[in-house]
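First the structure, in the form of structure tokens, and then the observations on it.
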Ligand SMILES: [Cu+2]
């Protein structure tokens with residue numbers, strides 16, 4: 001629980017892109033993409049983390065730049081470049097990017113409670129932007145969208161947070 005509380009302290013600031021940006025040690029540009037408008041989500045696709053799907057074939061995705069940052073305050077500037085769909089972004093700590101996440105095949109969503117969620121931005125409309133600043137310790141973090149079907153359609157990525165001298169704690 002103590003560990004969890006520490007993570008919650010990292011949930012610092014959620015603001016619109018128009019607000020004065022929070023001071024951050026690093027800025028990560030996050031782009032939410034979907035290639036085909038509304039995909040058929042009746043069949044769960046299998047582009048989730050650790051599933052070794054060919055991500056070039058994924059219908060949705062999250063691009064980030066850079067993919068590795070130093071520990072500290074990290075501001076994520078998120079833009080949804082989808083033409084029609086609303087997306088969200090959830091940040092959670094993960095131990096291993098090859099692990100398959102716990103998934104509810106009825107709801108077509110990741111079981112969020114099985115992850116250590118650090119923060120999220122809900123409902124980013126098409127062409128809209130938002131930002132969130134998190135205090136991140138060394139380790140790996142997943143960014144994903146948990147609107148039904150989107151995660152399995154490929155809407156996730158992993159960012160690595162390093163010690164400044166380049167070693168993961
Ligand atoms: Cu989405």
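The values are calculated or read from the model by the stated rules, or taken from the named source; none is laboratory data. Predicted, not measured: the structure shown is a model, and the values here were computed from it. All Cβ positions, even for glycine, are placed from backbone atoms using ideal geometry, and neighbour counts span all protein chains on display.
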| query | Of the residues in the range 94-116, how many are surrounded by 14 or more Cβ atoms within 10 Å (Cβ to Cβ) and touching a helix residue (DSSP H, G or I) at 6+ places or on another chain (Cβ under 8 Å)? | reply | 2
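Residues checked against (1) within 14 Å of the ligand (Cβ to nearest atom); (2) assigned to a strand (DSSP E or B); (3) modelled with pLDDT under 95:
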site: 82; (1), (2), (3): yes, no, yes
site: 85; (1), (2), (3): yes, no, yes
site: 89; (1), (2), (3): yes, yes, no
site: 92; (1), (2), (3): no, yes, no
site: 133; (1), (2), (3): no, yes, no
site: 158; (1), (2), (3): no, yes, no
site: 165; (1), (2), (3): no, no, yes
site: 169; (1), (2), (3): no, no, yes
| message | For the condition surrounded by 12 or more Cβ atoms within 10 Å (Cβ to Cβ) and within 12 Å of the ligand (Cβ to nearest atom), what is the one hit in 74, 78? | response | 78
| task | Go through the range 1-79 and tell me which strands (runs of 3 or more DSSP E), entirely inside it, have 1 or more residues that are at pLDDT below 80. | result | 11-16
| message | Pull out all pairs, ordered by first then second residue, where Cβ-Cβ is under 8 Å, the residues are six or more apart or on different chains, the first lies in the range 146-158 and is within 21 Å of residue 136 (Cα to Cα), and the second is near the ligand (Cβ under 8 Å from one of its atoms) and in a loop (DSSP other than H, G, I, E, B). | response | 156/145
| Test: residue 121 is touching a residue at least 12 places away in the same chain (Cβ under 8 Å) and either assigned to a loop (DSSP other than H, G, I, E, B) or over 18 Å from residue 60 (Cβ atoms) (or both) | no
| Which one is farthest from residue 67 (Cα to Cα), of the residues in the range 135-156 that are in a strand (DSSP E or B) and either within 13 Å of the chain's Cα centre (by Cα) or within 16 Å of the ligand (Cβ to nearest atom) (or both)? | 144
